[in-house]
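This report refers to the structure that appears directly beneath it.
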Amino acid sequence: MAQPKIKIAFVGITLNTGGAERVQAKLSFLFEAQNIEIHHILVNGDVGYSYAGQLFDMSVLKNTSNSPFNRFKRMLTLRKYLKKHKFNYIIDFRDKRNFIQEYAIANCIYNAPSIQYVHSFNTQLYFPKNNFLAKTIFKKGYGIVTVSEAIENKVREEYGYTKVTTIHNPVDILEIEKLAADDISVPEKYILGIGRMKDNVKQFDHLIHAFQISVATSQNIKLVIVGEGEYKTELEKLVLEKNLKEHVVFYPFANNPFPYYKNALFTAMTSKFEGFPNVLIESLATGTPVVSYNCNSGPNEIINHKENGLIVKNQDIDGMALAINSMLLDKTLYEKCRQNAKQSVARFSPNHIITDWLKFLELN
């Protein structure tokens, strides 16, 4: 008699614009290829990425007042959906806001072994400030998956959870090579910064400062910044204040960012904090080296200093400018990093990553 099909629910905010959202979409294809049925349960049904599986958009149940009664109604609907489909696992990709609500979801709504997916070193996005609640909120869950070893260690040490494992983000080099072949209109020579601008976590202002004091402008090299968000206006003002309008070019968010990576001299990242930055692994997958602050967390698990890119002391703008200079002036160093780029991320191939997931879920 055939075994019933394994079913997994992915709970997320959207399937658009963000790195974690892109990972959720990618993983749905990887699980589906293993004959596992995937359902995406989204708080906000905004979809920009291709995905595998079924979609349940909870936002259609939200009214304009978003009253406590309406939120309670949505929770009951979620519970009915989970009960109806009898999932084997629930993987929660969301960051969290209302921890009383989250406690109820984790312990009363979820009716299958649940996994919390922690994709930022800023763990207050997932765990309450209250120490007792933080240590108990996910106690009934199956386990916690983090995207970097630094986050795993933090979750173990600060919150006392034991079933925690690191599974890195997947990067499909062959797929990225195809996507990177698309034609785009960009400057002939440029340094790339890419990411969301809804706040200043990505600290593109640091990158603009470092770019200004580097040799880049004297080498007729542009800074291309790709992304959208409320903070973009502040960055545009900064560019004008520094008389860099002719040197810094802004491009809107792109569902296919890979041509921007491929055509760049290198990609630079100056984030305040990260999880396991897709910016770095995706750039390397196109054969483009990287330069990054050694922020928490991820860069030092991706970059082999002077082999596939450069690691810069965390939050050191002058150090970032010097690293930019090194990549532009030291041709031997640059070529070495460029040659090593793709191979350095082969360990994050989809086959390796899905094997790690199946092992964690005891499905292999």
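The values are calculated or read from the model by the stated rules, or taken from the named source; none is laboratory data. From a predicted model like this one, the values you see are computed outputs, not experimental measurements. Ideal geometry is used to build each Cβ from the backbone, glycine not excepted, and the neighbour counts take in all protein chains shown.
Brief remarks follow.
- Residue in the range 20-30 that is over 20 Å from residue 352 (Cα atoms), among the β-branched types (Val, Ile, Thr) and not in a loop (DSSP other than H, G, I, E, B) present: no
- Test: residue in the range 68-88 that is crowded, with 19+ Cβ neighbours inside 10 Å, closer than 22 Å to residue 355 by Cβ and in contact (Cβ under 8 Å) with a residue 12 or more places away in the chain: yes
- A single entry from 186, 155, 201, 226 fulfils the requirement of being modelled with pLDDT of 95 or more, of a type in the set (A, V, I, L, M, F, W, C) and either over 21 Å from residue 309 (Cβ atoms) or surrounded by fewer than 19 Cβ atoms within 10 Å (Cβ to Cβ) (or both): 155.
- Long-range neighbours under 6 Å by Cβ, at least six apart or interchain, first residue assigned by TED's automatic domain parsing to the domain that holds residue 193 and farther than 12 Å from residue 199 by Cα within the range 222-242, second of a type in the set (S, T, N, Q) and surrounded by 16 or more Cβ atoms within 10 Å (Cβ to Cβ): 242/212
- Residue in the range 115-124 that is within 21 Å of residue 23 (Cα to Cα), assigned by TED's automatic domain parsing to the domain that holds residue 16 and free of Cβ contacts under 8 Å to residues at least 12 places away in the same chain present: yes
- Members of the range 301-315 found to be over 12 Å from residue 344 (Cβ atoms) and surrounded by 15 or more Cβ atoms within 10 Å (Cβ to Cβ), listed by number: 310, 311, 312, 314, 315
- Residues of the range 147-179 satisfying the condition of being assigned to a loop (DSSP other than H, G, I, E, B), within 19 Å of residue 95 (Cα to Cα) and within 18 Å of the chain's Cα centre (by Cα): 147, 148, 167, 168, 169
- Residue match in the range 78-88 (condition: in a strand (DSSP E or B), touching a strand residue (DSSP E or B) at 6+ places or on another chain (Cβ under 6 Å) and outside the structural domain of residue 275 (by TED's automatic domain parsing)): no
- Applying the set (1) modelled with pLDDT of 95 or more; (2) in contact with a Gly (Cβ under 8 Å, 6 or more places away or on another chain) to residue 249 leaves exactly one unmet item: (2).
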